[in-house]
Structures are given as structure tokens and as C-alpha cells.
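**Q** Pasting a structure here, questions to come.
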């Protein structure tokens, strides 16, 4: 959960149905248990929530506070981060990493006057605190509207100047808001879980402006998908989890539109999951195929669904359009076109027929006389948007989150809003 929640956590149990109608109620109608912070000023925003899948403990990042609850929402531990010197005093990023070899909670944000990241013991978040050096630029601080989103996922082990795969490990992938020539931050980065040192990254200072807002990130199959709001339009960025390029040269963007001519373009949240048999039939896909569900808002909220086969094809068309000049893909205009600064590039292959090559994860063609190969493309945008019509509309509501499930062959979407209401779209 990456959107702010004021003062209370609620757990809901609902019955599923079929997309088509909308039922709504205050979240309190589904209240099973609740938590109210014991602090005097308890109506501070909860910015991030993480769950320990082994113990069921819940970790909350709030303003100058971290809370640890048990599975019944009883308070176990409170950590006072202190009065931060930055104007943004929120804890802006949390994740739990639970494997056979790694058991830790990672927090980033306000920490006694700085914005460093830390690792903590998930059993008791006040213990075994380790400050991670050189991490002040991971999260977007200062402007509370500028979010940082992250996900732990498998990625290829990477060594600088090597483009071969050395195996896979868990890494922390982060997408941050902001940018512009003066930015010291990174736009998208892959970090080691041991010390949060950057392994691969797209620097934010090659973005042409600072309007990029990273809203959500999803790991799906071989890719990471980053949902971006820019100038009140929505873009979907894609990188390969096992990209062999230090600067994620194969990063590609497509534009998402919801509604007639993209009339609803402000992305709020998204989810990738299957479709029930009825929705799958209407979309002409199998129930095994993935669907991207996205909620957009203006003065109301709109749910649009995109076939993942169409999403993936749009990315492929963008890459080959860039290389072959077919008009379906061009150099990304939001990333500097100065290639010496690491910016975007499209270049036709000058050595005859284009070789058979897996271009989706690298724009480099291996050459015998070059260790890094021939760079054919870097940072691409699709020229045509991927559009869909809303399958549901929730009037006069600004949505904040979405998750879907399938019950009895029907697709059900659960949507939360800024006013504490919960919608079952069936």
C-alpha cells in the first residue's frame, strides 16, 4: 500500500462476483479489527505498509514514526525517528525481505535529521538497526506528492563492463519521482539487499524535466513495469529484471489512455492478474492470460483493463519501430537525446540485415571486436498510445488502490478511495 491512510487500518472480508456493477460502503462497514496510534497527534498519514508473510506482523511507515503490529493489529513496537531536518518528515519506503537466507525490514525516509535508509530486525524493529551509508538519494524527500515506489524481485547478478548473465539473486528495484538536470537522484535503480548500493540505474539528471511522478511498480514475469504520471498523462515504463546494461538501455515507455481520446489520464494504481471466464471471453483471451487493471481519476474514477499480450506487443513495436524506422517507436523525448549524457537513441543497423537478437533486454548487438557490442537503441517510446474504454466508473471518487481476484469464473475488483470508502466492482 503506497497511498496515505489516516489513522486506522482495516481488514475486509468480501464476497466475489462479476465485473459490471459497483457496490460501496465505508471501510468501517467491513471492520474486523483496527489500530489507532497512541501518539497525541495520531492523524498523521500512513505512507507505506509492509507485511511479514511468516509471522503476519504489519509494519507501518508514518510521519516520524514506525509502528509494528501483530496480525490482530495490536501494537508491538513504536520507533520514534526523531525530528527530521528535511521538510518532508515521512517514512516513504518500506519492504520486508523474507527468504531462507535474508530476513530483514528495509526502511527509507526520515531518520534523525537525514533521509538515509536502514535495515531492521523484523521480530522487533527497534533492534539490530543498521544505518546504510550513501543512501540519502534513494527516496524523494521534500515534496510529499513526490513518491518513491519499490519492489523486491529477482534480477541478474551484474558486474560493470560485463554483459553476460552470472545467475539471479533478489534485488530491490526502486522508481523515484522527480528529475531534471540538477537532480542528484536516480530515476530507476536496482540495489543490492545487503547495503542498498546501486548496481544498475537510470540517473534522474538525464530526464528533461522534473514532472515525472512514479506512482506504482509491478514485477511481472521477466519484467518490471513502472506506472508514471507526467503532465497529467500516464506512461508505462518497462525494464528487464535481468538487463545486462548498467544503465538499463532497453528501458521503454508506452502511453496508456483510458476513456475516449484518453479523457481519463491520471493513473492512481494498477494490478496485473487473470480474468474470469466471462471477462476473458469478452476480451478474446484465455483465462490463463494476464490482464492489466488500472484505475484513473479526474473528478471520478475509471477502471480500464488492457490485455497483457497487447501491452507486450506495444513495447515490442516501439523497440523495432525505433530500430527499423517503421514509425511505431522513437527515441524517448523525456530522456535527454544527448547520447554522451546517457540519453535516448535510435540508430539503424549499418552492417546489412538486422541479425536475430533478443532486443527486449538490451539494445546492444555483440560484436567480436567490441566488448560491449554495438548500441542500436537506448530509451525508446512508442508513438501510438495503448487505449481502452472504462469497464466501470465510480462517480465523484478519487481512487487510491486496486486489487482483483477471480471467484466462480467471475472477475472482481476491489478499489479503495481517498475518503475511506471501499468499492466492490462486480
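The values are calculated or read from the model by the stated rules, or taken from the named source; none is laboratory data. Note that the structure is a prediction, hence the values are computed from the model and not measured. Neighbour counts run over all protein chains shown; Cβ positions are idealised from the backbone, glycine included.
**Q** Look at residue 389 and say whether it is surrounded by 16 or more Cβ atoms within 10 Å (Cβ to Cβ) and either in the same structural domain as residue 302 (by TED's automatic domain parsing) or closer than 21 Å to residue 283 by Cα (or both).
**A** Here the answer is no, as residue 389 does not meet what is asked.
**Q** Report whether or not residue 422 is in a loop (DSSP other than H, G, I, E, B), in contact (Cβ under 8 Å) with a residue 24 or more places away in the chain and in contact with a helix residue (DSSP H, G or I) (Cβ under 7 Å, 6 or more places away or on another chain).
**A** Values: in a loop (DSSP other than H, G, I, E, B): no; in contact (Cβ under 8 Å) with a residue 24 or more places away in the chain: yes; in contact with a helix residue (DSSP H, G or I) (Cβ under 7 Å, 6 or more places away or on another chain): yes.
For residue 422, the condition - in a loop (DSSP other than H, G, I, E, B), in contact (Cβ under 8 Å) with a residue 24 or more places away in the chain and in contact with a helix residue (DSSP H, G or I) (Cβ under 7 Å, 6 or more places away or on another chain) - is not met.
**Q** Could we say that residue 231 is within 20 Å of the chain's Cα centre (by Cα) and surrounded by fewer than 16 Cβ atoms within 10 Å (Cβ to Cβ) here?
**A** Yes; evaluated as a whole, the condition is true for this residue.
**Q** Next up: Out of all the residues in segment 321-337, which are in contact with a helix residue (DSSP H, G or I) (Cβ under 8 Å, 6 or more places away or on another chain) and either closer than 17 Å to residue 206 by Cβ or at pLDDT below 80 (or both)?
**A** Residues satisfying the conditions are 330, 331, 335, 336.
**Q** Still on this structure, I have one more. Using beta carbons and a limit of 8 Å, which pairs, at least six apart or on different chains, have the first residue in segment 33-44 and surrounded by fewer than 12 Cβ atoms within 10 Å (Cβ to Cβ) and the second one modelled with pLDDT of 60 or more?
**A** Note: pairs meeting the criteria are 38/75; 38/78.
**Q** Among the residues of segment 338-369 satisfying the criterion of being in contact with a strand residue (DSSP E or B) (Cβ under 7 Å, 6 or more places away or on another chain) and closer than 12 Å to residue 208 by Cβ, which is modelled with the lowest pLDDT?
**A** Residue satisfying both the conditions and the ranking: 343.
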